[in-house]
1. Applying a 10 Å radius around every beta-carbon, put 299-306, 192-199 in order of their mean neighbour count, most first.
2. Scan the stretch 1-72 for GluC sites (Glu not before Pro) in coil per DSSP, keeping those whose Cβ has at most 16 other Cβ atoms within 10 Å, and list them by number.
3. Based solely on its DSSP helices, what 222 nm [θ] is calculated for the chain when runs of n ≥ 4 H residues each add -39,500 (n - 2.57) and the sum is averaged over all residues, nearest 500 deg cm²/dmol?
4. Mind checking the stretch 321-395 for GluC sites (Glu not before Pro) that DSSP puts in a loop (not H, G, I, E or B) and that have at most 14 other Cβ atoms within 10 Å?
5. With springs only between Cα atoms under 10 Å apart, run a GNM on the chain and tell me which of Leu80, Leu176, Leu284 wobbles the most.
6. Leaving out same-chain residues fewer than 8 places away, which aspartates and glutamates sit with a Cα under 17 Å from that of Lys251?
7. How much length, in nm to one decimal, is gained on full extension between Asn254 and Arg136, taken as 0.36 nm per residue of separation minus their Cα-Cα distance?
8. (1) 31, 24, 23; (2) 74, 29, 17; (3) 39, 33, 18: which one is semi-axes √(5λ) of the Cα gyration tensor in Å as calculated from this entry?
Amino acid sequence: MIVEEKLKIETLEEVLGLLYEFMKDNEEVAEKFDKETVNIAVRSMSHLGLGALLAKFFLEEKLSDGRKIFDIFNEEKGPLSEDQLELLQGMKDCKDNIYQVKKITKDSFEFYNLINEKNYKVFPMIKMRNYRSVARGQYLKAKIVKFNDNYYIYELSGLIPSNEKKQALSEVMNILMENPELIYQDNECKLDEIKELLNDMGDKFEQFFDTDEIITSSQKIDELLSMFNEFIDSGEKSDISEYLTELDEYKYFNIKDNNAGDDISNIAGKKFADSEQVYDIGVLYDREYGLIVLPFYATFKKIFEVDDHKSIDGYKNCVKNYLTSDKIPPAPVLKVFNQNSEKFKDIANEVMENTELQEIDEILKNYKKKYYDTKLFSSTTVLYASKTFNEMMELPPTKEIDGSVGRNEPCPCGSGKKYKKCCLMG
């Protein structure tokens, strides 16, 4: 039981224990979990990180026969208490965020969330003395869970010194690119702000490009987006005709970028022109999802336009990425479908080795489930709405601090404080 509505680590361990026991006793459910997490490094996850993953699986997934995992648990183990169910829901929803410590009291913290731009009063689930290393001004990479209208530290996975602000902001960018919905999670005002931004940016996109979709190359996209940003700020329109480029050959390949991985959207936000390889890029605007920058978009379209789709190198991986990537919203896929509907269904089902999905709604709901479960905007649009992103763009180059600075001298970071009261603390 929860004592005095305070969440204790023992309660959390009790819920985790029930989940682990259920998984151990039900082979069918365990096999489903292994299949769903095949691309996730589960073995390297922390105990609590795995618990959050289990909670999401437990509450959202179904077996192939349509039975919900949650219902199977209730049949086999009996229903959870209201407190346990609320905690499980909180675990499902909690993800890593970047917080700055604003205040420390004898039994709680005040955090500012750099992602959704809200302040939180947060309680520990363990003794406060276990957080002796946490200091005011520091940045934390942490998950917090909501329970009985209070917030608790669920998992603390990293500390960033107060003088390493650029590192903290960089972490924010990485998280937003991966989970753009976090910018408005638990913040309705931010959601309203993004909706307003969607309409305004959509108008500006059509004014600047005279269309809702353009094709360019990896060598020209950076400059083109820079010109669009200048238009948003100043209203001054540039001649972009030389940047709207069709390539001689369309093919899909893994981009040689150590930080990009295999997902074709991972390079968004980096310098496209830094890649030695040249490839096509589509820039679209959708009034529901916002500004979308898509590597290999023209290649994806060509697959459904040419007589022999197999003549396009890498067509299978291209189609798979467009159908399954969480970073590509349904809108561009639906747009291509509407242009070549019959061919699209045949090729999509061939590539995905699935002959059962015949309608576009079935295809999208099966492969783009996240967009139907949660309100999502493109990561590019979210960055435009992020104060942290705008602040990062304005930061001066990092100043090196050597060991010759005296404790009582002005801090070299330029804060105006003494070194001992500023970066030395970090």
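1. 299-306, 192-199
2. Glu4, Glu5, Glu61
3. Calculated mean residue ellipticity at 222 nm is -12500 deg cm²/dmol.
4. Hits after loop and neighbour filter: Glu353, Glu356, Glu359.
5. Most flexible of the set in this elastic network: Leu80.
6. Asp262, Asp263, Glu276, Asp280, Glu305, Asp307, Asp308, Asp313
7. 38.1 nm
8. Comparing each candidate, only (3) matches the computed number.
A short reminder: the numbers here are calculations on the coordinates, not readings from a lab. The model shown is predicted, which means the values in this text are computed figures rather than measured ones. When we count neighbours, we look across all protein chains shown, and the Cβ atoms used for this are built from the backbone with ideal geometry, even at glycine.
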